[in-house]
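The values are calculated or read from the model by the stated rules, or taken from the named source; none is laboratory data. These figures come from a predicted structure and were not determined experimentally. Cβ coordinates were reconstructed from backbone atoms using ideal geometry, including for glycine residues, and neighbour counts include every protein chain displayed.
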Amino acid sequence: MKTLLREPLLHFLLLGVALFGVYGLARDRAPDGTGQIVVTQSQIEQLVIGFTRTWQRPPTPEELTGLIEDRIREEVLYREAMSMGLDRDDTIVRRRLRQKLEFLIPDLASQIAPPTERDLVAYFDQHADKYRGEPAVSFEQVFFNRERRGTPAWEEAKSALSRLNAQHGSAVTPDTVGDTSLLPIEVTRSAVSDVARLFGGTFSKELVNVPLGRWAGPLESSYGLHLVLVRERVPGSLPELAQVREGVLRDLLAERRQQALDVAYAKFRARYAVVVEPLALAQGESGVSQRQ
Amino acid sequence: MSRTTAKARDSVLLAMTLAALLALPAAAQTSDIGTLDKQAAERMFPGKALYSPYAGRNFPTRPFFGDTHLHTSFSMDAGAFGARLAPRDAYVFAKGAEITASSGQRVKLSRPLDFLVVADHSDGMGFFPLMLGGDPKILADPQGRKWYEMIQSGRGADAAIDIIISFGKGAISKAILPVPGTPAYRDAWQETIKAADDANDPGRFTAFIGFEWTSNTGGNNLHRNIILRENGTKASQVEPYTTMRPLGSDNPRDLWKWMSAYEEKTGGQVLAIAHNGNLSNGRMFPLIESFTGKPIDREYAQTRAHRERLYEVTQIKGDGETHPLLSPNDEFANYERWDKGNLDLSEAKTPAMLEFEYARAALRNGLKVEKELGVNPYKFGMVGSTDAHTGLAAVEEDNFFGKTSSSEPSATRAMHPFVKNPSTGLEIMGWETIASGYVGVWATENTREALFDAMQRKEVYATTGPRMFVRFFGGWDFAPSDAQTRSPAVQGYMKGVPMGGDLTDAPAGKAPSFLVAALKDPISANLDRIQIIKGWLDAKGETHEKVYDVAWSGTRKPDPSTGKVPPVGTTVDVANATWNNTIGASDLITVWRDPNFDPAQRAFYYARVLEIPTPRWTAHDAKYFGVKMPPEVRMTGQERAYTSPIWYTPK
């Protein structure tokens, strides 16, 4: 019970009830002084649109009357609550207002100065890595058909490998070892995931570890064995701006919004002398832990 | 020195050197930088092929697999049968993502596709999303309101049937049916375009803009899929061509006019692919035009050959290569046949119709017409596609998501009638739908332009689902050793023409030779055999066909009397819906020369590749759902690929 009495929420509620009582007794005029509530045509249209979106049909006349009545009720209670100051010191209201302002500032900023072509190009250049595609690889491969060669296929591939890498003497060209296949013998700048689709996942995973510029293997695919010569690895190519334009624009706008917000916040912040009191020791909590 | 000047200087030097060599080929030329003899010069300016076999070439090295024919909820009938996935979802799924099907089941492809065409019916495009969304204009119409309320109160199936029947009769209220020119139609088309443009990812995934023109008068299928080469900037300048008068027409000649108009207006390109001749009741490949009752004329032949370079030979509603009555000597002709009637089974099939419905017969008649009119109207390449109405291009036997959303996997789907017509008493059962197919496109890269151009030159082949690689080259000089090189395609392109190409002007005493090869799908079954199908026109003006076994697995010997290679056998365990690759070959390759060539006779040749038998989707269903299929249900099959033909035309 003691804890409950210390609860700020309770204080707040009691205060609210008191306020309500005081205002209620003190006045019988509407707080804004006019005492008039006008439900405009455009507000009614909004109500109809909202209803239709939810129920997939327009409201009936009775439903519309209900909607309007609800709107009036909302307005009355809203005005009364405002006049009582119920919006003050309310976490939810504070958060909502902060959010509103945070949305509002950047939206204004982006409307005032839409990015120019030059802005887009500059942003794209500065953040090129964000738009890079998947890493790609170029390689040549020699196929060894296990179905035809049987068990010796592995050894035969191995021996071909040393001959392919030999500098002279026993050196051979890739066309003279290996078997015929419909698989591409030369793969140029292909995304690693595409390699996986052609040769299987195990092959493409192993290919990543093959050193550049030397015949290596054998690597195993869904079809048999392969010797591979990896010519290059490309860290993901940079697309043309035109290809990623929408994304770049979205990112640039997002960055602008954040900047606008930061600038605006700095300005607002400068209007205040901020005092942060020295941090007091959290007595209650340390007390709790001591008791345990 | 500027770059241009340096280049010019080099060219001058080169020209001088070459001139000197040409003038005195054998003699050594002495100048103040030494002697340039022929050997040295050859090292510098090689006269024969470059050392690197890949330099200076840009031919396709791998096929791209896709579906040119997929419907989503934007198609009137798809929506009616419960499809809720939109074009956008269809592309996401084709790219390999796991999504939720309209039936609520999770679904994913074994591997992404390389490209997709969402081809929703142009008539009534986008109607269902509007209906389901409770569009105020639809609700303001008594008919629209009635259907909406039926759907809302859980009688969606009744509503769907009523809608489809009304649509077929042209009895849908004008106020609610989206037709070209109305905002609702424009929205649906714009969303179709935008979904494709957003999904298109050059080099990785191609999303074509397209639609289906669904001419179906009297239930006779004359459907065509339309594919645009360009992006939304051009596609937005037009609206799809429909079949309903007065805006549209059910006559293909009018569609071709629309295609020309599109090209003239936008400077773009467009192609049309017909499908399901098997449900046209003798009208798909006419010699007598059904619209006029007169023989097709030169203009028809010319325009058709120009506009319809491909034919969708296999898809969920049956395989259309050939028919046992047309090809009595082809023991593989009886594959997934639909020959009971037209699309709505309102008219029964008669044997006389078949000749004008199947691809092989059309290729044969094409030779005949060419001789008479000087143009071959039926000189088409082969594609396979799904025609699924689910937004899901899922036609693997163990991952078959059906023709419509109501035939997505369930214990009973095989035994629901697919079409039933009480007036004729005909019906086609759910189990007769086939998990087929895709198209393989030999393009230089995965872009709209490259794929479209490959389709236009017919360097494509149909498969019934598996993604096997198939090569087919024709020429005059292929030798058996060409089948043993490291990369047979290099020889293929250098010495011949690829599938879809033409041969003419036979060198004296030579018969055409063909380099043909197939590689199994890495996750599917081994290959049984490669066959070459030849069709020709004899001196009397009669057409003929013959099927040759040219490469096969194992040590089987062709029967000495028939020349046919015996069956490969089977490893299928139907009860467990499994098979193994202990029979068959993972790849087949050979060079074949026509043993009965007559240089005076027009001919075509195409390759058919057969897999070993595997369990059909019905076997997978039976196993998964623990149901017993009636005895008439096919449980196994030999999946296959058909290449585009190569034509021989005497000079």
Identify all residues within segment B:266-278 that are part of a helix (DSSP H, G or I), crowded, with 19+ Cβ neighbours inside 10 Å and in contact with a helix residue (DSSP H, G or I) (Cβ under 8 Å, 6 or more places away or on another chain); write none if there are none.
-> B:Gly277
Looking at A:Glu140, A:Glu102, which one is surrounded by 13 or more Cβ atoms within 10 Å (Cβ to Cβ), within 14 Å of chain B (Cβ to nearest Cβ) and either of a type in the set (S, T, N, Q) or in contact with a helix residue (DSSP H, G or I) (Cβ under 9 Å, 6 or more places away or on another chain) (or both)?
-> A:Glu140
Would you pick out the residues in segment A:159-205 that are more than 11 Å from chain B (Cβ to nearest Cβ), in contact with a helix residue (DSSP H, G or I) (Cβ under 8 Å, 6 or more places away or on another chain) and either among the hydroxyl-bearing types (Ser, Thr, Tyr) or part of a strand (DSSP E or B) (or both)?
-> A:Ser170, A:Ser204
A careful count of residues in segment B:228-256 that are charged (D, E, K, R), touching a helix residue (DSSP H, G or I) at 6+ places or on another chain (Cβ under 9 Å) and surrounded by fewer than 17 Cβ atoms within 10 Å (Cβ to Cβ) gives 1
Long-range neighbours under 9 Å by Cβ, at least six apart or interchain, first residue within 27 Å of B:Ala361 (Cβ to Cβ) and in contact (Cβ under 8 Å) with a residue 12 or more places away in the chain within segment B:546-564, second hydroxyl-bearing (Ser, Thr, Tyr) and surrounded by 15 or more Cβ atoms within 10 Å (Cβ to Cβ) | B:Val547/B:Ser327; B:Val550/B:Thr590; B:Ala551/B:Thr590; B:Gly563/B:Tyr548
Which one of the conditions (1) more than 23 Å from B:Pro328 (Cα to Cα); (2) away from chain A (no Cβ under 14 Å); (3) among the aliphatic types (A, V, I, L, M) does B:Val568 fail to meet, given that it meets all the rest?
-> (1)
Of B:Ser110, B:Ser122, the only residue that is closer than 26 Å to B:Thr447 by Cα, surrounded by fewer than 19 Cβ atoms within 10 Å (Cβ to Cβ) and under 23 Å from the mean Cα position of the chain (by Cα) is B:Ser110
What's the number of the condition A:Tyr223 fails, among (1) surrounded by fewer than 17 Cβ atoms within 10 Å (Cβ to Cβ); (2) over 18 Å from A:Val137 (Cβ atoms); (3) touching a residue at least 60 places away in the same chain (Cβ under 8 Å)?
-> (1)
Residue that is assigned to a loop (DSSP other than H, G, I, E, B), crowded, with 16+ Cβ neighbours inside 10 Å and without any contact (Cβ under 8 Å) to a residue 40 or more places away in the chain, where the choices are B:Leu345, B:Leu326 | B:Leu326
Residues being within 14 Å of chain A (Cβ to nearest Cβ) and buried (at least 23 other Cβ atoms within 10 Å of the Cβ): count how many of those fall in segment B:492-513.
-> 3
Here the residues within segment B:559-589 that are among the hydroxyl-bearing types (Ser, Thr, Tyr), surrounded by 17 or more Cβ atoms within 10 Å (Cβ to Cβ) and touching a strand residue (DSSP E or B) at 6+ places or on another chain (Cβ under 8 Å) are B:Ser586
Within segment A:144-158, restricting to residues that are away from every other protein chain (no Cβ under 14 Å) and not in a helix (DSSP H, G or I), the one that is farthest from B:Pro522 (Cα to Cα) is A:Pro152
Report, ordered by the first and then the second residue, all pairs with beta carbons closer than 7 Å, sequence separation of six or more or different chains, a first member in segment B:253-265 that is part of a helix (DSSP H, G or I), and a second member that is of a type in the set (A, V, I, L, M, F, W, C).
-> B:Leu255/B:Trp213; B:Leu255/B:Ala272; B:Met259/B:Val270; B:Met259/B:Ala272; B:Tyr262/B:Val238; B:Tyr262/B:Val270; B:Glu263/B:Val270; B:Lys265/B:Val238
Residues B:Ala489, B:Ala508: which one is of a type outside the set (D, E, K, R) and either within 30 Å of B:His323 (Cβ to Cβ) or within 26 Å of the chain's Cα centre (by Cα) (or both)?
-> B:Ala489
Hey, A:Arg57 hits all of (1) basic (Lys, Arg); (2) touching a helix residue (DSSP H, G or I) at 6+ places or on another chain (Cβ under 7 Å); (3) modelled with pLDDT of 85 or more but one; which does it fall short on?
-> (3)
Quick one: how many residues across segment B:388-405 are acidic (Asp, Glu) and surrounded by fewer than 24 Cβ atoms within 10 Å (Cβ to Cβ)?
-> 2
Where residues in segment B:469-484 are among the aliphatic types (A, V, I, L, M) and facing chain A (nearest Cβ under 9 Å), which of them is farthest from A:Leu182 (Cα to Cα)?
-> B:Ala483
Just for segment A:235-271: of the residues that are within 30 Å of A:Thr188 (Cα to Cα) and assigned to a helix (DSSP H, G or I), which one is nearest to the other protein chains (Cβ to nearest Cβ)?
-> A:Gln243
Inspect all residues belonging to segment B:477-487 and state whether any of them is hydrophobic (A, V, I, L, M, F, W, C) and either under 21 Å from B:Ala443 (Cα atoms) or surrounded by 23 or more Cβ atoms within 10 Å (Cβ to Cβ) (or both).
-> yes
Collect the residues in segment B:629-648 that are over 19 Å from B:Pro567 (Cβ atoms) and touching a strand residue (DSSP E or B) at 6+ places or on another chain (Cβ under 7 Å), keeping them in residue-number order.
-> B:Tyr642, B:Thr643, B:Ser644, B:Pro645, B:Ile646, B:Trp647, B:Tyr648
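Residue-by-condition table, conditions (1) surrounded by fewer than 23 Cβ atoms within 10 Å (Cβ to Cβ); (2) closer than 27 Å to B:Leu610 by Cβ; (3) not charged (D, E, K, R):
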{"position": "B:Lys317", "(1), (2), (3)": "no, yes, no"}
{"position": "B:Thr322", "(1), (2), (3)": "no, yes, yes"}
{"position": "B:Glu331", "(1), (2), (3)": "yes, yes, no"}
{"position": "B:Gly341", "(1), (2), (3)": "no, no, yes"}
{"position": "B:Lys349", "(1), (2), (3)": "yes, yes, no"}
{"position": "B:Tyr358", "(1), (2), (3)": "no, yes, yes"}
{"position": "B:Ala361", "(1), (2), (3)": "no, yes, yes"}
{"position": "B:Asn365", "(1), (2), (3)": "yes, yes, yes"}
For segment B:582-622, how many residues meet the condition of being farther than 14 Å from B:Phe514 by Cα, away from chain A (no Cβ under 14 Å) and outside any loop (DSSP other than H, G, I, E, B)?
-> 10
For segment B:514-527, state whether one or more residues are closer than 30 Å to B:Glu370 by Cβ, more than 14 Å from chain A (Cβ to nearest Cβ) and either polar (S, T, N, Q) or surrounded by fewer than 20 Cβ atoms within 10 Å (Cβ to Cβ) (or both).
-> no
Among (1) within 12 Å of another protein chain (Cβ to nearest Cβ); (2) basic (Lys, Arg); (3) surrounded by fewer than 23 Cβ atoms within 10 Å (Cβ to Cβ), where does B:Arg457 come up short?
-> (1)
